[in-house]
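J.: One structure, pasted below without further comment.
The values are calculated or read from the model by the stated rules, or taken from the named source; none is laboratory data. Just so we're clear, the structure is a prediction, and the values are computed from it rather than from any experiment. A quick note on method: Cβ atoms are made from the backbone with ideal geometry, for glycine too, and the neighbour counts reach across all protein chains shown.
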Amino acid sequence: MKIRPYTHPGIILKEEFAKPLELTQERMAKDLKIGIKTLSELYNEKRGISPLMALKLANYFGTTPEFWMNLQSQYDLYKTYLKEKDSVDKIPKVA
């Protein structure tokens with residue numbers, strides 16, 4: 001099995017959304033009605049995107065909640081595969 005590398009959604013949030021729009025952490029945290037620590041942890045890959053955060057980000061940036069949840073899901077699969085690669089690759093294929 002081969003899983004392609006995925007970027008943490010917090011990095012995408014920071015690099016693809018916040019920086020181009022010149023949004024500070026303080027402004028985003030206030031607008032999203034979350035603590036600055038929550039946003040900082042997301043930026044620093046210490047927290048993932050929750051369903052509620054996906055809804056807030058989708059509304060804020062005009063995206064969909066599925067966009068944010070898919071980023072998180074892909075990242076989680078990638079990280080889990082890296083951690084469990086040996087055991088996963090030993091599973092026999094039946095189809």
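J.: Do we find that L55 is at pLDDT below 95, surrounded by 12 or more Cβ atoms within 10 Å (Cβ to Cβ) and among the hydrophobic types (A, V, I, L, M, F, W, C) in this structure?
T.: No: the conditions fail for L55.
J.: Out of the residues in region 58-85 that are at pLDDT 95 or above and of a type in the set (A, V, I, L, M, F, W, C), which is surrounded by the most Cβ atoms within 10 Å (Cβ to Cβ)?
T.: Among those that are at pLDDT 95 or above and of a type in the set (A, V, I, L, M, F, W, C), it is W68.
J.: Next up: Name every residue in region 30-52 that is of a type in the set (D, E, K, R) and crowded, with 16+ Cβ neighbours inside 10 Å, in order of residue number.
T.: Selection gives R47 alone.
J.: Confirm whether L77 is touching a residue at least 60 places away in the same chain (Cβ under 8 Å) and not aromatic (F, W, Y).
T.: Judged against the criteria, L77 is a match.
J.: So, E66, is that one at positive phi and within 12 Å of the chain's Cα centre (by Cα) or not?
T.: no
J.: May I ask you to say which residue of K46, K33 is among the basic types (K, R) and within 14 Å of the chain's Cα centre (by Cα)?
T.: K46
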